[in-house]
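Have a look at the structure below, then the notes.
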Amino acid sequence: MSFFETVDPAFAAYVIGNAPVKQIATGFDWAEGPVWFGDAGCLLFSDIPNNRILRWTPGHGLTTFRAPSNYANGHTRDRQGRLVSCEHGTRRVTRTELDGRITVIADSYKGKRLNSPNDVIVATDGAIWFSDPHYGIMTDYEGFKAEQELPCNVYRVAPSGEIAAVLTDFACPNGLAFSPDERRLYVADTGRMFSTDPQHIRVFDLGADGRLTGGAVFHTIAPGCADGIRVDTEGNLWSSAADGVHCLAPDGHLMGKILVPEVVSNLCFGGRAKQQLFITATTGVYSVILNRKGEQQP
Ligand code: MG
């Protein structure tokens with residue numbers, strides 16, 4: 001069997017033909033939010049329904065990083081290497097300082113509570129961009145059921161701490177990624193649960209002044225939907241899907257797939273040479289060495 005499906009012949013050079021897709025950990029209910037800490041040599045990820053963040057260390061396996069985690073979902077690292085997390089249970093975005101203290105980045109907008117921050121990225125200017133769909137307040141499964149006070153927006157928190165709703169026409173914004181030059185912003189829309197609303201990735205032009213223009217559909221994922229997304233150093237976008245990870249060229253066409261036996265939620269690059277892709281997929285976490293390197297993250 002092959003672990004890869006080539007659609008565009010050029011995809012064959014993106015992967016290493018004999019590198020396996022391996023399950024490195026299992027036993028979760030909805031694994032999400034992988035983030036690589038190269039300096040600590042470990043991967044962190046969320047197990048949302050079980051209210052915990054786990055740490056996987058090569059050669060040592062799994063330990064608990066934080067429990068309870070306030071039903072944390074997506075994570076990233078800022079430009080100082082600090083962990084930035086989306087929390088459903090507390091409906092906020094936080095930063096874990098190097099001494100372990102927790103700083104709240106955002107928990108409200110114009111006096112109303114955020115829904116349930118889902119995924120987050122940090123720009124080179126230090127601004128924190130995050131999506132705020134309502135998944136974590138729709139039921140008590142991945143947080144606490146509650147009234148929705150705000151639309152499902154994408155927000156930008158400036159280095160000054162000022163928060164702005166920058167994308168307001170999404171059904172359920174989810175994963176985010178910048179192109180390597182940060183002139184593009186990709187945002188996944190996973191639509192509303194149990195409906196046929198959008199399941200696609202949109203692309204925006206990001207001006208030097210921080211203004212977003214455009215917003216056309218970049219690619220519609222099938223089967224499944226684009227939840228978490230990441231960009232490699234050449235600008236290819238790697239997206240979660242129901243049958244694995246799909247690789248999309250900068251023009252939006254499907255290059256090929258990494259086949260994973262569970263529904264994929266999210267992914268990140270890491271490992272010694274930033275060419276190891278870590279994939280969170282329902283009950284398991286998988287890993288594969290690619291012939292492409294990831295953008296971002298120390
Ligand atoms: Mg997500």
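The values are calculated or read from the model by the stated rules, or taken from the named source; none is laboratory data. Not measured: the values here are computed from a predicted model. Note that each Cβ is placed from the backbone with ideal geometry, even for glycine, and that neighbours are counted across all protein chains shown. Ligands, DNA and RNA are stripped out before the accessible areas are found, and what is left, the full protein with its side chains, is counted by its heavy atoms. Shrake-Rupley method; radii C 1.70, N 1.55, O 1.52, S 1.80 Å.
Does any residue of the range 27-47 turn out to be more than 16 Å from the ligand (Cβ to nearest atom), assigned to a loop (DSSP other than H, G, I, E, B) and over 26 Å from Phe178 (Cα atoms)? Yes, the range 27-47 contains at least one residue that is more than 16 Å from the ligand (Cβ to nearest atom), assigned to a loop (DSSP other than H, G, I, E, B) and over 26 Å from Phe178 (Cα atoms).
Within the range 173-222, which residues are open to solvent by less than 30 Å² (accessible area, probe 1.4 Å), among the polar types (S, T, N, Q) and within 16 Å of the ligand (Cβ to nearest atom)? Correct list: Asn174, Thr190. Screening Trp238 with (1) away from the ligand (no atom under 13 Å from the Cβ); (2) among the hydrophobic types (A, V, I, L, M, F, W, C); (3) buried (at least 24 other Cβ atoms within 10 Å of the Cβ); (4) assigned to a loop (DSSP other than H, G, I, E, B) gives one miss only, at (4). Just the residues that are part of a loop (DSSP other than H, G, I, E, B) and in contact with a Gly (Cβ under 6 Å, 6 or more places away or on another chain), please, taken from the range 126-143. Glu142, Gly143, listed by residue number. Consider the range 19-73 and keep the residues that are in contact with a Pro (Cβ under 8 Å, 6 or more places away or on another chain) and acidic (Asp, Glu). The one that is modelled with the lowest pLDDT is Asp39.
Residue-wise test of (1) among the acidic types (Asp, Glu); (2) free of Cβ contacts under 8 Å to residues at least 60 places away in the same chain; (3) not in a strand (DSSP E or B).
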residue	(1), (2), (3)
Trp56	no, no, no
His75	no, yes, no
Gln80	no, yes, yes
Arg95	no, yes, no
Asp99	yes, yes, yes
Asn115	no, yes, yes
Thr124	no, yes, yes
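Within the range 150-159, the presence of a residue that is over 23 Å from Phe204 (Cα atoms) and either in a loop (DSSP other than H, G, I, E, B) or open to solvent by 70 Å² or more (accessible area, probe 1.4 Å) (or both) is excluded. Condition test on Gly294, is it modelled with pLDDT of 95 or more and more than 16 Å from the ligand (Cβ to nearest atom)? For Gly294, the condition - modelled with pLDDT of 95 or more and more than 16 Å from the ligand (Cβ to nearest atom) - is not met.
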